[in-house]
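Below is one structure, written out as structure tokens; comments come after it.
The values are calculated or read from the model by the stated rules, or taken from the named source; none is laboratory data. From a predicted model like this one, the values you see are computed outputs, not experimental measurements. No Cβ is skipped: glycine too gets one built from the backbone with ideal geometry, and neighbour counts run over all protein chains shown. With ligands, DNA and RNA removed, areas are computed over all heavy atoms of the protein, side chains included. Shrake-Rupley method; radii C 1.70, N 1.55, O 1.52, S 1.80 Å.
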Amino acid sequence: MGDEALSAGAVARRLGVAVTTLRTWHQRYGLGPSQHLPGHHRRYTPADLARLEIMRKLTSDGVTPAEAARWARQVPVPGPAGEPPTVVANRVRPGGERDGGGQTIPVGRAGPAARGLARAAMRLDSVAIGETIGQTLATDGVVATWEGLLRPVLAGIGERHAATAGLIEVEHLLSRCVSEAFATVARAGSATGPARLLLSCADEEQHTLPLEALAAALAEAGVAYRMLGARVPAAALVEAVNRTGPAAVVIWSHTLATADPAQLTALLASPRRPLLVLAAGPGWRADSLPAGVVRPVDLAEAVSLALAVRDSLDQSVEG
Ligand code: B12
């Protein structure tokens, strides 16, 4: 049991709730950590976790905390050799209704924070979503947060949506929270000098989050950029390039439907042709890209390429 006992922070991440919520549930409803080793902080056992899972599920379904706590305390939890607590939590509801795997977001091998985020997203709990993303951004930075936390949950929502046509409200709420978290990083950035990078979605492309991740990563690295955002018609993009003369342009396409290579050709033919044109995102097909266009494989590579452009321009200004 000792090895499986968890700290309050670890339990909060698993459940996708704030540590302060756990404290309240402990103080008001007696749902606290029961393992106590002399000289150590109290720790949550699997049985404690199972009760809290029930508490979380019921409160997110609109049951009052006092009523939810009553249920959580009454429900039998697995003994040491019993089934995993999550199975118990999935099985129990006041109405006796089952809440099985169809109501979860698959996150593959992603860690507890991603599972907590997925649960918070399912509950449409924007406060817990914001806290989880904000904490991970602060400790791990933008690239690791994108790859280890956000991407698995976003991909999981896509997978579940493709299978069930559901979760659209979850997708929209989470997208909004991710945008807000990245905007906070972007605002806090301390970039100096002119914006030599232009970020834009392809025409009719509404998937902006990967581009917002790139913008936040650039802000974190102190690189200035301009962001045009969603659904930029090819002519408008060329106009922006001609007016601002960026050294590099990143065009995001998420699906084949928005990946018309003519947008790239128009950029390459513009009077102020950028040094580097990046066609980013799963929409673009490598074999349909015009010569001279680079296709990054992931966020880290897109950031490296942007930094390389910035550094080469800095050197040419100094030299
Ligand atoms: C969130 C979301 C939305 C939100 C977007 C909100 C926003 N502000 O971005 C909204 C609700 C607007 C939306 C709309 C639609 N969506 Co949508 N959406 C998604 C979802 C769940 C996540 C998108 C995302 O951010 N992915 C980021 C990561 C998870 O994607 P990835 O492929 O792993 O990305 C990697 C590579 O691209 C690579 N990479 C390569 N180069 C670079 C460069 C950089 C800078 C970065 C960061 C990464 C990178 O690394 C990435 C990981 O880091 C996806 C599911 C999915 N798997 O993507 C569906 C998904 C993309 N959507 C889909 C669809 C069908 C739609 C709609 C057509 C739905 C509709 N009927 O209206 C519309 C399209 C509107 C349009 N014209 O653009 C489908 C697309 C299927 C297809 N292949 O054609 C998907 C796959 C869902 C599904 N399984 O059905 N969507």
**Asked** In the stretch 236-285, what residues are open to solvent by 70 Å² or more (accessible area, probe 1.4 Å) and either assigned to a loop (DSSP other than H, G, I, E, B) or not assigned by TED's automatic domain parsing to the domain that holds residue 299 (or both)?
**Response** 260, 269, 271, 272, 273, 275, 282, 285
**Test: residue 189 is more than 10 Å from the ligand (Cβ to nearest atom), of a type in the set (Gly, Ala, Ser) and closer than 17 Å to residue 309 by Cα** = no
**Prompt:** From the residues in the stretch 200-231 that are within 17 Å of residue 172 (Cβ to Cβ) and among the small types (Gly, Ala, Ser), which one is nearest to the ligand (Cβ to nearest atom)?
**Reply:** 230
**Asked** Which residues, counting only those in the stretch 290-312, are touching a Leu at 6+ places or on another chain (Cβ under 9 Å) and not hydrophobic (A, V, I, L, M, F, W, C)?
**Response** 290, 292, 295, 296, 310, 312
**Request:** Among residues belonging to the stretch 306-319 that are free of Cβ contacts under 8 Å to residues at least 40 places away in the same chain and in a helix (DSSP H, G or I), point out the one that is farthest from the ligand (Cβ to nearest atom).
**Result:** 318
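Helices (runs of 4 or more DSSP H) wholly in the stretch 97-181 with at least 2 residues that are within 22 Å of residue 56 (Cβ to Cβ) and either within 11 Å of the ligand (Cβ to nearest atom) or in contact (Cβ under 8 Å) with a residue 12 or more places away in the chain (or both) - which ones?
Working: elements: 112-122, 126-140, 142-145, 151-164.
Per the criteria, 112-122, 126-140, 151-164.
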**Message:** For the structure I just gave you, tell me whether residue 232 is assigned by TED's automatic domain parsing to the domain that holds residue 213, open to solvent by less than 40 Å² (accessible area, probe 1.4 Å), in contact (Cβ under 8 Å) with a residue 12 or more places away in the chain and not in a loop (DSSP other than H, G, I, E, B).
**Reply:** no
**Request:** Search the stretch 287-305 for residues that are outside the structural domain of residue 254 (by TED's automatic domain parsing) and pair each with any residue that is at pLDDT 95 or above and open to solvent by less than 70 Å² (accessible area, probe 1.4 Å) when their beta-carbon atoms are under 7 Å apart and the residues are at least 6 apart or on different chains.
**Result:** none
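When you check residue 190 against the structure, is it among the polar types (S, T, N, Q) and buried (at least 22 other Cβ atoms within 10 Å of the Cβ), yes or no?
Values: among the polar types (S, T, N, Q): yes; buried (at least 22 other Cβ atoms within 10 Å of the Cβ): no.
No; evaluated as a whole, the condition is false for this residue.
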**Selection from the stretch 104-151 of residues that are among the polar types (S, T, N, Q) and buried (at least 21 other Cβ atoms within 10 Å of the Cβ)** = 132, 136, 145
**Request:** Would you check which residues across the stretch 34-46 are open to solvent by less than 60 Å² (accessible area, probe 1.4 Å) and modelled with pLDDT of 85 or more and list them?
**Result:** 44, 45, 46
**Request:** Return a yes/no flag: does the stretch 259-266 have any residue that is away from the ligand (no atom under 13 Å from the Cβ), in contact (Cβ under 8 Å) with a residue 60 or more places away in the chain and in contact with a Lys or Arg (Cβ under 7 Å, 6 or more places away or on another chain).
**Result:** no
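Just need a number here: residues in the stretch 47-72 that are of a type in the set (Ser, Thr, Tyr) and either under 27 Å from the mean Cα position of the chain (by Cα) or surrounded by 20 or more Cβ atoms within 10 Å (Cβ to Cβ) (or both).
Let us first name the residues in the stretch 47-72 that are of a type in the set (Ser, Thr, Tyr), namely 59-60, 64.
Filter once more, keeping what is either under 27 Å from the mean Cα position of the chain (by Cα) or surrounded by 20 or more Cβ atoms within 10 Å (Cβ to Cβ) (or both): 59-60.
Residues that pass the stated criteria total 2.
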